[in-house]
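Report on one structure; see the data block that follows.
FYI, it's all coordinate maths here, none of it is from the lab. Note that the coordinates shown come from a computational prediction; the quantities given were computed from them, not determined experimentally. Neighbour counts are summed over all protein chains in view; Cβ atoms, including those assigned to glycine, are modelled from backbone coordinates with ideal geometry.
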Amino acid sequence: MADITLTALRKDLFRLVDRVLETGRPLTLVRNGRRLTLAAEPDFTAGEDREQRFDRMMAMGVREDAADFDPGDITDGAHLAWSPEDNPR
């Protein structure tokens, strides 16, 4: 798509944004000789079913800060029970 000015964008904003979303081609805006690119974020979830989404989320793993990690004694089973009141934050 050709470079457009902000004035042209303002006149036809919704149609131009829809075109970027449909085609996936970015739109370059020009203001005072500087360029700004409007691009659609890739949709990684398109076409995945519930199981695929679960697998993708599990592959990300547990996110926790090392400072919050306390291995404790895993033989007592305390790590199996959790409630929001247990969290001191």
Taking 19-28, 51-60 and ranking on average Cβ neighbours within 10 Å, highest first, one gets 19-28, 51-60
Starting from the Cα of R10, step 7 Å along the direction of its Cβ; do the same at R53; then give the gap between the two resulting points in nm. 4.0 nm
